[in-house]
Structures are given as C-alpha cells and as structure tokens.
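I have placed the structure first, in the form of structure tokens, so that the comments after it can refer back to it.
The values are calculated or read from the model by the stated rules, or taken from the named source; none is laboratory data. Remember, it's a predicted structure, so these values are computed and weren't measured experimentally. Heads up, the Cβs are rebuilt from the backbone with ideal geometry, glycines too, and the neighbour counts pull from every protein chain shown.
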Amino acid sequence: MTEAEPLPLSAAPLDAYVRRVRSGKLTQPLPNPVLLWVAPVEGAAPSQALTLSQLATDDPTEALAKASLVFELPVKKDEPSRVVLGRGRDCELCIQVPSVSRHHAELALWDGSWRVKDLGSHNGTVLDKERLAGNETRALADGARLWLGGITLVFMGPTSFLEHVGKLAWR
C-alpha cells in the first residue's frame with residue numbers, strides 16, 4: 001500500500017480575514033490553528049524577511065499586521081495531523097526559497113498540542129530565537145515565531161487569531 005500524496009495547504013490573504021470580520025461573516029474562531037507567512041510572498045528573499053529581533057518586540061497584533069498569507073492547519077480525525085514545510089513539491093507547505101531545505105521542518109499535532117521538528121535542514125529552524133537541534137521537537141505556543149532559512153512564520157491558535165484580526169479590522 002502506498003502512502004497518499006500530501007495535499008498542499010491552501011492560503012488566503014490576511015486581508016480576506018479582515019474583510020470577513022468587518023462584514024460580520026467571521027465572528028467565531030476558526031476550527032484549527034493558523035500559520036502566518038510574514039515574509040514577502042513575491043521573491044521572498046531571505047534578506048527581506050523580518051529579523052527575529054523585529055518579531056520578538058512586536059505584540060501579536062503587530063506581527064499579524066505584517067503577515068501576507070494565512071494557512072489554516074489541517075486537523076485529521078483518523079490519522080496524525082502533520083504538515084511538512086520545505087522546498088520539495090511533496091511538502092504540504094512548499095516554500096520556493098533556496099535557503100529552505102527540501103524537507104525543512106514538520107509541524108505535527110501530538111497529544112492535543114502542535115509541535116515543530118527540524119528535519120535535519122541545512123540552515124536550521126529557529127523557534128522564538130532558539131535554534132532547534134537537528135531532529136529536535138518542541139511545542140508551539142500561541143504566537144510562536146518560526147524562522148526557516150530567512151522565512152518568518154507565526155503560529156496562532158484559533159481564538160487568538162480571531163482576536164487579533166478583529167483588532168486589525170477596527171483600527
């Protein structure tokens with residue numbers, strides 16, 4: 001039996017969520033956590049990504065304001081929920097940036113909490129200013145900042161995401 005090919009995560013621009021809040025169509029938290037792409041989408045050069053120190057000083061609403069894309073993380077009922085991030089076409093979140101490894105990191109839902117694991121990437125994975133050792137796994141807290149080879153991602157839980165999108169919508 002062959003393993004099913006992963007489905008890519010669908011992305012929506014942050015503005016789409018802000019418009020849904022303003023129109024009253026988004027009033028309840030999303031069913032699952034989200035991953036926010038904070039680096040520029042087009043030509044996402046590592047030099048253009050926000051630095052870890054810039055992200056660490058931001059409050060969550062300000063970090064969210066810098067996001068360009070939102071990826072809703074899938075939660076599967078009958079099988080492990082996992083998302084592989086990397087340059088490879090077989091990754092659920094394909095990041096076409098040379099400094100990102102083909103299979104760079106994995107997000108997985110274990111025992112009710114999301115965790116990140118570096119998959120032995122060349123440039124490493126940094127979680128909230130701390131570099132993960134090869135194959136090390138750590139829990140993702142709400143608002144956690146991930147840095148993968150120059151790409152900045154923020155993990156947010158459903159309730160926190162709705163709260164901060166609401167703040168952005170009514171600024």
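For region 43-64, the criterion of being over 17 Å from A108 (Cα atoms) and modelled with pLDDT of 80 or more is met by no residue.
Every condition in (1) at pLDDT 90 or above; (2) of a type in the set (G, A, S); (3) closer than 22 Å to S10 by Cβ is met by S81 except one, and the failing one is (1).
Being within 16 Å of the chain's Cα centre (by Cα), crowded, with 22+ Cβ neighbours inside 10 Å and assigned to a strand (DSSP E or B), is that true of even one residue in region 128-143? Taking every residue of region 128-143 in turn, none turns out to be within 16 Å of the chain's Cα centre (by Cα), crowded, with 22+ Cβ neighbours inside 10 Å and assigned to a strand (DSSP E or B).
Tell me yes or no: at least one residue of region 61-74 is part of a strand (DSSP E or B) and in contact with a Gly (Cβ under 9 Å, 6 or more places away or on another chain). Outline the logic, then answer.
If we filter region 61-74 for residues that are part of a strand (DSSP E or B), which is where we start, we get 69-72.
Add one more test, that the residue is in contact with a Gly (Cβ under 9 Å, 6 or more places away or on another chain), and what stays is none.
There is no residue in region 61-74 that is part of a strand (DSSP E or B) and in contact with a Gly (Cβ under 9 Å, 6 or more places away or on another chain).
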